[in-house]
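Engineer: My structure is below; once you've seen it, I'll send some questions.
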Amino acid sequence: MEESSYYPQQLHRQQQMPPTIPPHRIRSSSSPHLLMSPLPLNHNSFPPSSTRSSQNRIYPPLHPLTQPLFHPYSIPLHQNRQVRRYKTIKRLVQIPHGKLVLDCPVPIQYLERVPLRDPKEFSMMRYTAITCDPNEFQQKKYTLRQEIMNRETEIAICITMYNEDEILLSRTLHGIMKNLTQMTKRYRSRIWGEHTWEKVVICIIADGREKIHSRVLDMLSVLGVYQEGIAKSTVNENPVHAHLYEYTSQLSLTPDLTYKGAINDIVPAQIIFCLKEKNQRKINSHRWFFQAICPILKPNVCILMDVGTRPGPHSIYKLWLPFEKYRDIGGACGEVRAMTGKGGIYLINPLVAAQNFEYKISNILDKPLESVLGYIQVLPGAFSAYRYIAIQNDLAGEGPLKKYFLGDTSSANVSEGIFEANMYLAEDRILCYELVAKAKSQWRLYYVSGAFGETDVPFSVAEFISQRRRWLNVLIICLFLIAMGNRPQGSQGSYGLIMVFFSLLMIYVIFSSVWIVYIGISTELSKPQEVSSLLSNGPFRDIIVSMASTLGVFVLSGIIFFDPWHMLTSFLQYFLLTPSYINILNTYAFCNTHDVSWGTKDIFENVPYLGHVETKADETTAEIVLPEQKDVGYLYEESFRNLQKKSSKKAKKFIDAKTRQEDYYRNFRTRLVVCWIFTNLILVILVGTLDNLGKLGSFDDRTNMGHPLLTLSNEPNVDPPVTYESPEFWERVFSITFLVLLGGVFAGLTIGLMGLDQTNLHVLIQSGSPSERENAKKVLALLERGKHWVLVTLLLSNVIVNETLPILLDGVLGGGWQAVVISTALIVIFGEVIPQSICVRHGLAIGAKTAWAVLILMYIMYPIAYPTALLLDFFLGESHGTVYKKAGLKSLVSLHQAVHPSDVDALTADEVTIIGAVLDLKSKPVSFIMTPMNDVFTLSTEDIMDEELVDKILTAGYSRIPVHTPEDKENFIGMLLTKRLITYDPEDALPLKQLPLNTLPETCPDTSCLDILNFFQEGKSHMAIVSSNPGSSSGALGVITLEDVIEELIGEEIIDETDVYVDVRNKIRVVRRQMMSKRNTYLTARKKITPNDKSVEKSTYGAI
């Protein structure tokens, strides 16, 4: 197939040409309202200047391969990737058979970072717009680079992704590249060695252009695989189904976005990036891989991976090796491990620990046994491999792939029922069965314990339930109600409480089981019989032996596999969550069989139209709008900067108002029904229990004799009071004293810890004294475990102490009002007033000293305190400290203004003014502080730059002068930098249009001062036109400069040596005078002795 190259081949020659600003307007990255006006720019015209002014710096000429390319305008940065405005040109390209295939030169900035640049494989990125179905890819004569270069592919790796971010993709891609490096060192292998990378192809398939994360595209751009502005939406009115990008990259990005290259032993990697136009689920992504890409590559082994799975060292080679050694292996998988974080920190989350234990048991018990039998129920899609010829269909079109792709609803020929739709939610089970059951074949499945891939597991209850619903596809009554009417994302609190309830039940079951075992062993051992005869005892055998064998299998299997650590770190969490696995997950799966969706994460919408391509009359060529090569370089640098910015991982997920309202109504309905059921249930239990105890009397008594509701026939036994001489009396006195002091501690800590604001603790950690910092860290660590948990623990402990005290006093005083009065007095005086008074003043120090004791008490009270705290969090919301809005911050700052000048630690009036101005900067539009156009000094392009005009410019005293066209004074095309006149000879008398001008951006009047300040900080320009119609030749309202914004930022006017007006709007002139005072002593005129003994006096200026 013929291919088109729309960029000039002489890249270096093109980059050495003087860059010019294209004659159009470019939108700025700081504000969507900022536009750059057209003007020529020649960086080679002037040397760099160190003159201090409010002008952006002039950059020196740049070598194309040694320095990063400077660009005078930028591109918009948005979370949802949008079409960018850059200079485009029309190119006439070859369109053979109506297929758009382009060879695009990679940016110069990329080639600077890699060693190999010359072959076309490394200097060109290939783009193909696919307008057919995956199974027609080969029939429509589409091809891939590997077929053009006649390369044999041994392994094809498929990475499927949905809307995951660049961290997950880099984790997987970097792990694969490290494996390629390790395989290149196998010099004795007949297949692998120095050219390993030529036999491995990495296919990244993104499920939908509207779903893919923008930072993923930035990452692929930095690797050279992706270029913005190349793709088209239609070709000859045929919609594009997928965009295919092919490139051999020499760079890799680690999960922390650190570059690795040849110096780090990273070898080239053949990457195919298939960006599907629509979201059609993971099984459709596999269709593109197996039916479009693999028939061209013809690989021996296909490895499937989910984005985010990190292959371990040598894992890809180990996963491939069984296919080479045993010809009857049709599929294989490695161990899938849960990521537990550095030092197993993630195991603190019970959900992660339970899933880690589950994965381990599956890899130790299930997979090896199934591998021996030749059939593994599930080859996990996160890390598995298939022999390509084994999964192919026969000549009649029947086979594993046909059955596998029946779950792809994108095909118009597929009519999917509800049972099939739920079955294909766990599609990897289908392919395993069809592969083993393939007619006239004897393929088997194999487990490779030495190969492993690490993957992240759900951290939250919502994602956990949504994921397991696909795999599974009383409280039980409530559970059915919640499952049928609520989303997991909208009922996380309800599901969390139910899981906690089941965990508490499991704790009771474990305690009961252990207690029964203990009683059983004690009873049997007390009998005069031999130990061997215990097995003949039914209860002993059924309870103790069954429990020992069940738990013993887990322990013994871990020891046999030399991997027992999960028993120590994850067994208890898994055991407690076992009832939730059985009840919650199965119930939710059955109640949501109608939901056959896949993704559990939020998505990014708004798909821009990419343009179209129409062939000319000869049907072999077409005119295409494409970006210039230097703009491709600008886009590359923009992607590089985007990745350097930290991604807001903890940002709240967006939920639209309609969904929030539906969740609220569903939760209210569910809680109302649950409360109604529970109140009726409690009433039934109460009446039934009282009736069984005989407290309600007989039926005849209740109906005919008017017997009272409750009959208490047993009189309480009153113990006589103890005597003062007995040891028991003093024991009780000591206990009473201890309880009073303990209650005082609990009461004091309650008021002391709850009175500490978490925001104030963060402030103390940053700016307090060393002791305050240490104390604040300890208290904050305690409160961050859950402020309501701490509160409930202390209150519950205090209540227990206060309720126990009257009981002991009753035994000492013999009951009566004396016990009540004395206990009340002791509690109020020594248990409330005194300790609370102390802790209010010294709460931070006392809280830090007792933090460890409170933490121990929290875990002792965990079964009761933690669920109660969850309820408080659910109904009242979590407490994260006081957060001030801008108005509150201004008031808070003003309260800290110094009253006396000697108070050096307090804020001065100027500091209060500046802080207030900074807080107001976002809300102020540029029209509020701009200089009106009537007061702006401007020049025309036809003005002659002679001595008269130069004197006029210097007299005006401005460092930047807007330049307009002669026929329209509102049509500005650029600005003149006054400092450039240093290199100009007025005797040349050239018109202004022949001089180099700088970019003059335009912005709307409602652009905020903060946005314009961010734009000025990018170094593109320090002046902008405020226009009512940015981008057009009219509508100029005024001028905004960096100095204007700085003045607004500090709340005061800035006067330089040449300013005539303090306030141009109000025509307030500058009053200059010589002053000698303490305030400007450092500005006093000084004399310097020159080598000729002449004194040179510097000008002196003071306050205005």
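The values are calculated or read from the model by the stated rules, or taken from the named source; none is laboratory data. A quick note: this is a predicted structure, and the numbers were derived from the prediction, not measured. Here Cβ is always computed from backbone atoms with ideal geometry, including for glycine, and neighbour counts include all displayed protein chains.
Engineer: Mind checking which residues of the stretch 90-120 are surrounded by fewer than 17 Cβ atoms within 10 Å (Cβ to Cβ) and assigned to a helix (DSSP H, G or I)?
Structural biologist: PRO96, HIS97, GLY98, LYS120
Engineer: Same structure, new question: SER1027: among the small types (Gly, Ala, Ser), closer than 30 Å to GLY916 by Cβ and at pLDDT 60 or above, yes or no?
Structural biologist: Numbers: among the small types (Gly, Ala, Ser): yes; closer than 30 Å to GLY916 by Cβ: yes; at pLDDT 60 or above: yes.
When the stated conditions are applied, SER1027 passes them.
Engineer: When the residues of the stretch 109-130 are filtered to those that are touching a helix residue (DSSP H, G or I) at 6+ places or on another chain (Cβ under 8 Å) and among the charged types (D, E, K, R), which remaining residue is nearest to ASN238 (Cα to Cα)?
Structural biologist: ARG126
Engineer: The conditions are (1) surrounded by fewer than 21 Cβ atoms within 10 Å (Cβ to Cβ); (2) assigned to a loop (DSSP other than H, G, I, E, B), and TYR226 fails exactly one of them. Which is it?
Structural biologist: The failed condition is (1).
Engineer: Let me ask something else. If you check ILE148, ILE155, which single one turns out to be farther than 16 Å from VAL225 by Cβ and modelled with pLDDT of 95 or more?
Structural biologist: Details: ILE148 fails: modelled with pLDDT of 95 or more.
The match here is ILE155.
Engineer: Inside the stretch 117-134, can you point out the residues that are at pLDDT below 90 and not charged (D, E, K, R)?
Structural biologist: Listed by number, the list holds a single entry, PRO119.
Engineer: Considering only residues that are in contact with an Asp or Glu (Cβ under 6 Å, 6 or more places away or on another chain) and of a type in the set (Gly, Ala, Ser), which ones fall in the stretch 352-409?
Structural biologist: Answer for the stretch 352-409, where residues must be in contact with an Asp or Glu (Cβ under 6 Å, 6 or more places away or on another chain) and of a type in the set (Gly, Ala, Ser): GLY381, ALA382, GLY407.
Engineer: Just checking: which of the strands (runs of 3 or more DSSP E) contained wholly in the stretch 913-1024 hold 3 or more residues that are surrounded by fewer than 21 Cβ atoms within 10 Å (Cβ to Cβ), touching a Cys at 6+ places or on another chain (Cβ under 8 Å) and acidic (Asp, Glu)? Full working, then the answer.
Structural biologist: Working: elements: 960-964, 972-977, 1001-1003.
Of the strands (runs of 3 or more DSSP E) lying wholly inside the stretch 913-1024, none has at least 3 residues that are surrounded by fewer than 21 Cβ atoms within 10 Å (Cβ to Cβ), touching a Cys at 6+ places or on another chain (Cβ under 8 Å) and acidic (Asp, Glu).
Engineer: Same structure, new question: Identify the single condition in (1) outside any loop (DSSP other than H, G, I, E, B); (2) at pLDDT 80 or above; (3) under 27 Å from LYS278 (Cα atoms) that MET423 does not satisfy, given that it satisfies every other one.
Structural biologist: Exception for MET423: condition (2).
Engineer: Tell me whether the stretch 219-226 contains one or more residues that are more than 27 Å from ALA129 (Cα to Cα), in contact with a helix residue (DSSP H, G or I) (Cβ under 7 Å, 6 or more places away or on another chain) and among the polar types (S, T, N, Q). It would help to see each step written out before you state the result.
Structural biologist: The initial filter retains those residues of the stretch 219-226 that are more than 27 Å from ALA129 (Cα to Cα), namely none.
No - not one qualifying residue is present in the stretch 219-226.
Engineer: Just one of GLU832, GLU774 is under 50 Å from the mean Cα position of the chain (by Cα) and at pLDDT below 85; which is it?
Structural biologist: Working: GLU774 fails: at pLDDT below 85.
None of the other options fit; the residue is GLU832.
Engineer: Just to verify a result, which residue in the stretch 152-191, among those that are buried (at least 16 other Cβ atoms within 10 Å of the Cβ) and of a type in the set (Lys, Arg), is farthest from ARG209 (Cα to Cα)?
Structural biologist: So the residue we want is LYS178.
Engineer: Of the residues in the stretch 429-455, how many are assigned to a loop (DSSP other than H, G, I, E, B) and aromatic (Phe, Trp, Tyr)? Step through it out loud before you land on a result.
Structural biologist: First, pick out the residues of the stretch 429-455 that are assigned to a loop (DSSP other than H, G, I, E, B): 437-443.
With the extra rule that they be aromatic (Phe, Trp, Tyr), the set shrinks to 443.
Final tally of qualifying residues: 1.
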